[in-house]
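Enquirer: Take this structure, written in C-alpha cells, and hold onto it; I'll ask about it next.
The values are calculated or read from the model by the stated rules, or taken from the named source; none is laboratory data. Small disclaimer: the values here were computed from a predicted structure and weren't measured. Here Cβ is always computed from backbone atoms with ideal geometry, including for glycine, and neighbour counts include all displayed protein chains.
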Amino acid sequence: MNGVLGNFARLSHFNYDQNGKDWNVNTGRQQSPVALTTAKAVKSTASELIFINYNKALSRPLKLTNNGHTLKMSIPCAEDCSQPAVCGCKLKSIYKAVQLHFHWGSPEKKGSEHSINCTRYDAELHIIHQNIAYALKENALCSWDGFVVLAIMVNIVECPTLKPRVLNEVFNKSRFVRNFNKTSTIEGTFSLSDILAGVKCTEFFTYKGLQVKSSSQMDAVIALYILGSLTAPPCAEVVNWYVFPKPVEVLKTNLQNLWLLADDRGKPLRNNYRLLQSLNNRTVYYRTENAT
C-alpha cells in the first residue's frame, strides 16, 4: 500500500527512484507485496467476502488528489450516510472503506505491486478499509488487524471486454492533477461496486503466517496471524490483503494519463511500486469461485 494513507501517519519524504530499496524503514518478516502463484497456493474454503453498502452511491464531492506518491481518493459515506465496508471470509471485525489509490508503471515497465503466476500487470488499484474497532487511524496503524486492502489488477488491452466506466473517468480526470498537491472533482455519481465492475470478487489470494508473542499482562502466549504490510513507508505490518487475480481491462489511452503525473520534486511519477518482498514463513491461500 502506498504512503499514501494520507493523514494516517506523518511520513518522511520518500520517492520511487529505487522502488523502495533506499527507504529507511524498520521492517519485519511479513512485508508486502509478494509473488502469488496458483499452483503453490493452499486451496481456501473460506466464505466469500461480504460487501456492505458497496452498491450505494457515494456522497459528493468526490475528489482526486496527486499527493506526490500516487493518485488517491478519500472514500466518503454513501448518500444515505451509511458507510461502505467489508466483512466475512474469517475476518473478526467489520472494516470500513476509507481510501483508494493506484500504483502504475510506465511505457517500458509494468506497474502492479503483486505478481500473479509470474505476471505483473500495468497497474494495481488498492481500496483501503480500516477496522471499525479502532476509532483513531493512528491506533489502527499500530494494530496487526488494523486494515484490509482489496487489490485489483489493471491491464491494458486493445479491446476491453467490459469498459469500466468509473475507472476510465478517474484516469481521464488525472489529466487535471498532473502537478503535486493538485485536486480535481469527479463528476457524476457512482458506488464502490462500480469501481469493482468486471472483478470476480469470489476468487482471490490472501496470505498469512503465525507469530507468537508473550503477553505483558499474563504469563500466557498470544498467537497472532500476521498477514502483510503497507507497501510504502512506514511499511507497518497491519494489513489483511485480498488480491483478485482477474484483471480489469482498460484502454492504453485512458491509463497512460497516469504516466503524466509528477511527484513533489516535479519529476515524472512513474513506476510507483515497491519491489517484491520475501514470503518467509507465510502461507498463500487461494479461494476459487466455487469454494465452500
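Enquirer: Return the only residue of L49, L36, L64, L11 being within 24 Å of S184 (Cα to Cα) and modelled with pLDDT of 95 or more.
Expert: Working: L49 fails: within 24 Å of S184 (Cα to Cα); L36 fails: within 24 Å of S184 (Cα to Cα); L11 fails: modelled with pLDDT of 95 or more.
The match here is L64.
Enquirer: Where residues in segment 134-161 are over 25 Å from L260 (Cα atoms) and in contact with an Asp or Glu (Cβ under 8 Å, 6 or more places away or on another chain), which of them is surrounded by the fewest Cβ atoms within 10 Å (Cβ to Cβ)?
Expert: T161
Enquirer: If you take the residues in segment 75-104 that are more than 26 Å from N272 (Cα to Cα) and of a type in the set (V, I, T), which one is nearest to the chain's Cα centre (by Cα)?
Expert: Filtering first and then ranking leaves V86.
Here is a yes/no grid of residues against (1) aliphatic (A, V, I, L, M); (2) at pLDDT below 95; (3) farther than 23 Å from A39 by Cβ:
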residue	(1), (2), (3)
E237	no, yes, yes
W259	no, no, yes
D263	no, no, yes
L276	yes, no, no
Y285	no, no, no
A291	yes, yes, no
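Enquirer: So, one more: Just to be sure I understand, how many residues within segment 193-227 are among the small types (G, A, S) and modelled with pLDDT of 95 or more? Don't jump to the end; show me each part of the working.
Expert: Start the filter on segment 193-227 by keeping residues that are among the small types (G, A, S), which leaves 193, 197-198, 209, 214-216, 220, 223.
Those left that are additionally modelled with pLDDT of 95 or more: 193.
Within segment 193-227, residues that are among the small types (G, A, S) and modelled with pLDDT of 95 or more number 1.
Enquirer: Residues that are assigned to a loop (DSSP other than H, G, I, E, B) and at pLDDT below 95: does segment 165-186 have at least one? Outline the logic, then answer.
Expert: First, pick out the residues of segment 165-186 that are assigned to a loop (DSSP other than H, G, I, E, B): 178-182.
With the extra rule that they be at pLDDT below 95, the set shrinks to none.
Checking segment 165-186: not a single residue is assigned to a loop (DSSP other than H, G, I, E, B) and at pLDDT below 95.
Enquirer: Something else: Look at segment 142-193 and say how many of its residues are among the charged types (D, E, K, R) and either within 18 Å of V98 (Cβ to Cβ) or within 18 Å of the chain's Cα centre (by Cα) (or both).
Expert: From segment 142-193, those among the charged types (D, E, K, R) are 145, 158, 163, 165, 169, 173, 175, 178, 182, 187; that's our starting set.
Okay, now just the ones that are also either within 18 Å of V98 (Cβ to Cβ) or within 18 Å of the chain's Cα centre (by Cα) (or both), so 145.
Number satisfying all stated conditions: 1.
Enquirer: Inside segment 258-274, can you point out the residues that are assigned to a helix (DSSP H, G or I) and surrounded by 20 or more Cβ atoms within 10 Å (Cβ to Cβ)? Spell out the reasoning first.
Expert: So the first thing to find is which residues in segment 258-274 are assigned to a helix (DSSP H, G or I), and the list is 258-260.
Listed by number, the list holds a single entry, L258.
Enquirer: Looking at segment 102-113, I want the residues that are surrounded by 24 or more Cβ atoms within 10 Å (Cβ to Cβ) and have a partner that is outside any loop (DSSP other than H, G, I, E, B) and among the small types (G, A, S) with Cβ atoms under 7 Å, at least 6 apart or on another chain. Which pairs are those?
Expert: So the pair list comes out as F102/A123; H103/A123; W104/A123; S112/A123.
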